[in-house]
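Okay, so here's the structure we're looking at.
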Amino acid sequence: MKFGRALLGALVWLLTSSGAMAAESVGKDQVVDKVMVVVNDDVITRHELDMRMGLIVKQLKRQGTPLPEASVLEKQVLERMIGDLLQQQFAKEIGLRIDDMQLDKALLRIAQQNKISTLDAFRSKLEQDGVDFKKFREEIRAEILSVRLREREVDSKLVISENEIENYLKNQAKQQGKGEEYELEHILVVVPEQASADKINTYRQRAEQALAKLKEGAPFAQVAAGYSDAADALQGGSLGWRASDRIPSMFLDAVQKLQPGDVSGILRSPNGFHILKLVAKRSKDAPVVITQTHARHILIKTSELVPENEAKNRLMEIKRRIDKGADFAEQAKLYSEDGSAAQGGDLGWLSPGETVPEFETAMNALKLKQISGPVQSGFGWHLIQVLERRDADVSAEQKRQQARNAIRAFRSDEAFQDWLRQLRDRAFIEYHTDN
């Protein structure tokens with residue numbers, strides 16, 4: 001999992017937790033916190049929205065992003081809080097949680113990325129900057145939970161066919177500028193899957209309003225913060241550097257016609273309406289050699305019926321049998337809940353970035369033939385064994401894998417937005433606009 005590069009940088013969208021707020025007493029007068037939205041059995045209050053708004057405004061100012069109109073930004077922030085709360089509720093329903101040990105490990109990684117060696121020192125630094133460490137912990141817990149949900153409910157269910165890969169490679173071969181990388185910014189106005197023609201027109205008008213503001217000279221980051229539904233909206237809509245093979249072909253044609261600083265027209269995809277800005281471009285030097293790992297694993301999934309501790313204990317018992325001489329492949333065939341079970345857990349040759357970060361980090365730390373302890377990811381608990389490693393030249397196989405990863409990255413974003421829409425469609429949401 002990747003967090004901020006500088007202290008309170010990418011981390012400081014310190015999201016305030018969504019949930020019920022109790023009434024407060026001040027002297028003899030009782031002040032009741034106003035309910036802004038009811039989300040199933042929980043509520044988002046005025047106090048919570050104000051806290052989140054305050055943090056977002058600080059973040060945007062720190063980034064140097066001009067602030068959108070207060071009413072526009074407030075609507076954006078409130079919608080994101082609803083999405084966060086729905087994810088938390090769903091995670092609770094399926095029994096997915098992040099325990100304190102996992103959280104402390106993640107916090108220590110964040111501290112070390114910021115050149116702070118201990119959690120105590122990290123806590124002191126945050127508190128010096130006026131950050132409530134207890135609330136900070138819970139926000140990082142919520143961020144990790146969101147990543148796990150995405151891995152479990154979206155990424156694990158994506159299937160990339162060989163025909164898709166073939167078509168992708170053919171399209172890439174036809175494209176010019178394959179050796180280019182592009183730094184992009186992005187605005188997305190999501191269109192619900194079964195929206196009526198009138199609703200689609202409303203969403204298009206919103207995208208046209210955003211484009212009009214850009215043409216009037218408004219900063220892209222300001223417009224993204226006020227209009228974009230993408231997850232990166234409050235970070236100015238930045239997509240960072242993207243190689244041409246990581247840009248969907250429907251967008252690449254438009255991007256290649258832009259000069260740095262230019263903004264595209266409105267682009268339509270099944271997910272909604274998009275506006276792209278080309279910040280910069282550069283030549284790309286493809287890597288010549290990569291290190292691949294031949295690994296196998298045993299997976300025990302967690303669910304509402306199989307909590308974290310039970311899954312971990314099952315895996316530890318399997319490891320004890322293997323340590324006493326049981327065959328890894330046979331144990332995988334008997335107990336693994338992954339599609340690789342029939343092959344004795346064999347995952348074949350894995351390239352960097354092909355597995356989730358927790359799995360890859362643990363795998364890379366293993367010596368040849370060594371078996372890991374229980375490793376947790378969004379899919380459950382794993383035992384991992386490294387069989388071989390090799391340095392491989394970039395080949396047709398590697399190009400296919402790069403194509404697979406590019407397709408997966410794009411489809412994952414669309415599938416996650418679709419999953420969030422479905423989560424919202426099933427929810428009871430009531431706005432208390434009279435407040």
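The values are calculated or read from the model by the stated rules, or taken from the named source; none is laboratory data. If you're wondering where the values come from, they're calculated on a predicted model, not measured in any experiment. Here the Cβ is made from the backbone with ideal geometry for all residues, glycine too, and neighbour counts use every protein chain on show.
Residue-by-condition table, conditions (1) of a type in the set (S, T, N, Q); (2) out of contact with any His (no Cβ under 8 Å at 6 or more places or on another chain); (3) under 30 Å from HIS47 (Cβ atoms):
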residue	(1), (2), (3)
SER340	yes, no, no
GLU388	no, no, no
ALA392	no, yes, no
ALA396	no, yes, no
GLN402	yes, yes, no
ALA409	no, yes, no
HIS432	no, yes, yes
Here the residues within segment 407-434 that are aromatic (Phe, Trp, Tyr) and under 30 Å from GLU162 (Cα atoms) are PHE410, PHE416, TRP419
All but one of (1) part of a helix (DSSP H, G or I); (2) surrounded by 16 or more Cβ atoms within 10 Å (Cβ to Cβ) hold for THR361; which doesn't? (2)
Any idea which residue in segment 280-295 is farthest from ALA210 (Cα to Cα), counting only those that are among the hydrophobic types (A, V, I, L, M, F, W, C) and at pLDDT 85 or above? ALA295
Examine segment 31-40 for a residue that is buried (at least 20 other Cβ atoms within 10 Å of the Cβ), assigned by TED's automatic domain parsing to the domain that holds GLN128, under 30 Å from LEU305 (Cβ atoms) and modelled with pLDDT of 90 or more, and state whether such a residue exists. yes
Which residue out of SER336, SER340, SER303 is out of contact with any strand residue (DSSP E or B) (no Cβ under 6 Å at 6 or more places or on another chain) and within 16 Å of HIS382 (Cα to Cα)? SER303
Can you report the number of residues in segment 193-212 which are small (Gly, Ala, Ser) and out of contact with any helix residue (DSSP H, G or I) (no Cβ under 8 Å at 6 or more places or on another chain)? 3
Scan SER340, SER351, SER336 and give me the residue that is surrounded by 15 or more Cβ atoms within 10 Å (Cβ to Cβ), among the hydroxyl-bearing types (Ser, Thr, Tyr) and touching a Gly at 6+ places or on another chain (Cβ under 6 Å). SER336
Filtered residues of segment 258-279 (kept if at pLDDT below 90 and surrounded by fewer than 13 Cβ atoms within 10 Å (Cβ to Cβ)): PRO270
One residue is enough: does segment 380-389 have a residue meeting the conditions surrounded by 14 or more Cβ atoms within 10 Å (Cβ to Cβ), touching a Lys or Arg at 6+ places or on another chain (Cβ under 6 Å) and among the polar types (S, T, N, Q)? yes
Considering segment 109-163 alone, what residues qualify as being touching a Gly at 6+ places or on another chain (Cβ under 8 Å), closer than 20 Å to TRP381 by Cα and not hydrophobic (A, V, I, L, M, F, W, C)? ARG148, ARG150, GLU151, ARG152, ASP155, SER156
